[in-house]
Amino acid sequence: MRAVAAESSEPKLVDLEVTYRPKGCIVFVGNTKYDGWTAMVLDKKNDGTLLDGEGNPLPEGQPPVYLQYEVFNDTEFNQIDFGEFVGESEDEGIKHVEHDEVMREIHESGRFRASIHSTFMAPRRHRPNVKIVLSSAPSGTGTDGFGTRIVNVNSFTPHLQQVLVDEMTQLVSGFMEGRYSIKNLSGDDFVFVELSDALVDCTPNEEGKESRFDCLDEYVPDTFLEDLAKRLIATYEVDVAIVDGKQGGLMLRRVDPQTRE
């Protein structure tokens with residue numbers, strides 16, 4: 001569809017894409033499976049135990065059970081004027097190729113190498129923002145109405161400090177690998193990741209008080225950022241600097257492995 005959009009005082013043409021997903025059309029948004037527009041959530045406990053849809057352990061040999069959730073309400077699109085119809089196309093699905101075809105393309109490229117290592121990376125289409133929430137609720141992972149991944153950590157969890165260190169480390173690793181989003185500021189060759197924004201202390205809510213932000217330094221060891229920076233440098237091709245303060249975090253710069261001394 002092509003419609004006219006007003007921006008300031010000058011109208012502009014924009015293209016609108018409307019997707020039709022009938023039942024039987026299986027797609028994924030992040031790790032969530034959709035049958036048409038119905039979300040299919042694997043029924044399991046927080047510890048990974050598969051359930052039968054009624055809260056009981058899934059018997060051995062039975063197929064996994066998916067709980068169905070209707071994320072969107074039905075809408076009568078015929079009442080909406082999208083503008084001028086441009087055209088339609090059908091999703092061809094996942095392409096299949098023969099092995100000989102792949103080998104022929106590789107040889108015809110003129111430049112190839114065989115290796116167990118690869119620099120190929122493709123950014124994820126869905127990178128949910130992540131918040132680690134400290135509260136009295138049971139520990140577990142869920143998603144709010146805005147698509148934010150909520151990792152709840154019970155405030156009475158044994159070895160709470162180490163649990164939060166592990167969760168924060170997994171979050172930063174997911175950010176580095178393109179799986180998660182964290183609040184950040186970026187320039188041409190660097191990104192400042194505001195780790196202080198990732199932890200929210202909701203325990204004051206029980207007393208009618210507001211949640212606490214920028215309190216990461218109160219729940220992790222003094223050496224946390226130093227250790228995390230060393231871990232990242234050892235794992236990824238990056239230079240890391242620590243940004244101190246209540247609204248602190250890490251300054252990351254990508255490194256060309258060919259120029260690293």
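Pick from Val130, Val191, Val151 the residue whose mean-square fluctuation is largest in a GNM of the chain, springs joining Cα atoms under 10 Å.
Its mean-square fluctuation being the largest, the pick is Val191.
Using a simple spin-label model with points 7 Å from Cα along the Cα→Cβ vector, what separation in nm is obtained for Lys230 and Leu51?
Going by the 7 Å Cα→Cβ label model, 4.2 nm.
Apply the Kirkwood formula to segment 2-79: the hydrodynamic radius equals the inverse of the mean of 1/r over all pairs of different alpha-carbon atoms; give it in Å with one decimal.
On the way: mean 1/r = 0.0625 Å⁻¹.
That comes to 16.0 Å for segment 2-79.
Rg (Å, one decimal) plus Dmax (Å, integer) for the alpha carbons of segment 185-234?
Looking at segment 185-234, its Cα Rg and Dmax stand at 14.5, 45 Å.
Given labels modelled 7 Å from the Cα in the Cβ direction, how far is it in nm from Val86 to Asp144?
3.5
Determine the distance separating the Cα centre of segment 27-79 from the Cα centre of segment 180-257; give it in Å without decimals.
Using only Cα atoms, the two centres lie 33 Å from each other.
For the chain, modelled as a GNM with alpha-carbon contacts under 10 angstrom, which of Leu164, Leu58, Leu216 fluctuates the most?
Highest fluctuation of the listed residues: Leu58.
For Kirkwood radius over Cα pairs in Å, pick the label among (i) 23.2; (ii) 18.3; (iii) 21.1 that corresponds to the value derived from the coordinates.
(i)
Principal axis lengths of segment 103-191 from Cα atoms, whole Å, largest first?
61, 28, 26
Using only helices, what value at 222 nm comes out for the chain when you add -39,500 (n - 2.57) per DSSP H run of length 4 or more and divide by the total residues, to the nearest 500 deg cm²/dmol?
Numbers: 3 runs with 39 residues, N = 261.
That comes out to -4500 deg cm²/dmol.
Here, each number is a calculation from the coordinates, and none is a lab measurement. Because the structure is predicted, anything quoted here is derived from the model rather than measured. No Cβ is skipped: glycine too gets one built from the backbone with ideal geometry, and neighbour counts run over all protein chains shown.
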